[in-house]
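In what follows, a single structure is set out as structure tokens and then discussed.
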Amino acid sequence: MLKGRLGLDSAKVPHADRAGCLYLARGALTARDGTLAFLQGEATAADALDPGDYAIPLQGVSIILLGPGSTVSHDALRLLAHARTALAAVGEDGVRLYTAPPLIPDRSGLARLQARIWADDDLRVMTARRMYALRLGEVFPHADLNVLRGIEGARMKETYALQAQRIGIRWQGRRYDRGAPMAADLANQALNHAASAVEAAAAIAVCATATIPQLGFIHEDPGQSFVLDVADLYRDSLTIPCAFKAAKLVQERPSENIERMTRRFTGAALSRQGVIPEMIERIKALIEGRGP
């Protein structure tokens with residue numbers, strides 16, 4: 001139908017040659033002259049673009065993250081689908097993942113490697129040990145996942161206490177009641193909100209790499225097991241510090257909302273530190289056997 005309309009007969013650029021992800025917010029994503037255009041509205045401090053009309057490199061990125069206050073046209077969706085460029089609706093700075101169709105990559109290598117590693121008990125434990133090494137700074141010789149989880153749990157108790165002492169908040173241990181999440185103290189509430197934000201960033205990274213979210217190496221039962229594995233790589237360096245900073249601020253200013261403050265701190269850290277692109281590279285390194 002209408003050969004060439006909207007550039008549908010153009011060649012596709014391999015994902016290996018693309019730039020990764022692009023965050024757009026508070027504007028309109030449309031099709032124009034066979035490619036994408038983004039009309040940026042009034043910008044805020046969190047937005048990457050100043051107000052204006054921008055040409056978007058359709059085949060230059062693997063996934064577009066569409067933030068709050070944005071719209072997308074039907075023709076833009078057709079262009080994205082043909083170029084195999086994913087589109088994800090996300091929260092401010094990627095602290096929520098609302099929806100994202102599966103990325104249809106030009107190669108299935110990462111997913112096939114992940115499935116092979118996951119199905120081999122020895123390779124799976126080896127990958128889990130490498131993930132713990134990324135977090136804890138050393139490679140443990142143990143081949144039992146339960147032993148590794150126990151070591152990590154003990155280290156986390158120390159990390160919580162040290163971070164709380166450094167930031168200056170009261171810490172009585174990790175407590176979370178799924179039936180009454182608001183009954184927890186401010187620090188534990190903030191940890192829940194920060195963890196959700198980092199898990200959303202990890203979900204974006206898993207989507208962008210077209211790896212399989214169900215096949216985790218440390219987590220087993222959840223449908224987002226691999227997402228949780230990736231998010232946990234940032235628990236010590238990002239989740240806990242952001243949560244405790246937010247709890248400290250709300251202790252000093254009781255009128256502030258703990259969820260909003262935590263999401264703001266975490267989102268700013270995700271953006272400032274380039275965490276989502278780093279997650280994407282870490283996923284590739286883990287699956288391909290590079291790194292510790």
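General remarks:
- Principal-axis tilt of helix 109-119 within the chain, Cα atoms, nearest 10 degrees: 30
- A protection proxy built from the mean count of other Cβ atoms within 10 Å ranks the segments 154-164, 195-205, most packed first, as 195-205, 154-164.
- 0 to 90° range, to nearest 10: angle between helix 186-209 axis and the chain longest Cα axis: 40
- For the peptides 166-173, 136-143, the ranking by packing is 166-173, 136-143, with the highest mean count of neighbouring Cβ atoms within 10 Å listed first.
- Remark: the ARG174-ASP33 segment gains 45.3 nm on full extension, using 0.36 nm per residue and subtracting the alpha carbon distance.
- Net charge dipole size for the chain [Lys, Arg +1 and Asp, Glu -1 on Cβ; Debye, nearest 20]: 120
- Shown for MET279, MET182, MET261: other C-beta atoms within 10 Å of each C-beta, ranked fewest to most, produce the order MET182, MET261, MET279.
- Extension reserve of the ALA81-ILE151 stretch, reckoned as 0.36 nm per residue once the Cα distance is removed: 20.7 nm
- Alpha carbon convex hull of segment 200-292, volume per residue in cubic angstrom: 104
- Positive-end extreme of charge dipole, segment 109-288 - chosen from ALA246, VAL230, ALA119 (charges on Cβ): ALA246
- Our estimate of slack between ALA268 and GLU158, defined as 0.36 nm per intervening residue step minus the Cα-Cα distance, is 37.0 nm.
- Whichever aspartates and glutamates have a C-alpha closer than 19 Å to that of LYS12, once near sequence neighbours (fewer than 8 apart) are set aside: ASP33, ASP75, ASP106
- Structure-derived semi-axes √(5λ) of the Cα gyration tensor in Å - corresponding label in (i) 35, 26, 13; (ii) 43, 36, 14; (iii) 25, 22, 20: (i)
No lab work stands behind these numbers, since they all come straight from the coordinates. The structure presented is a predicted model; accordingly, all values stated were derived computationally and were not measured. Methodologically, a virtual Cβ is constructed for each residue, glycine included, from the backbone with ideal geometry; neighbour enumeration extends over all protein chains shown.
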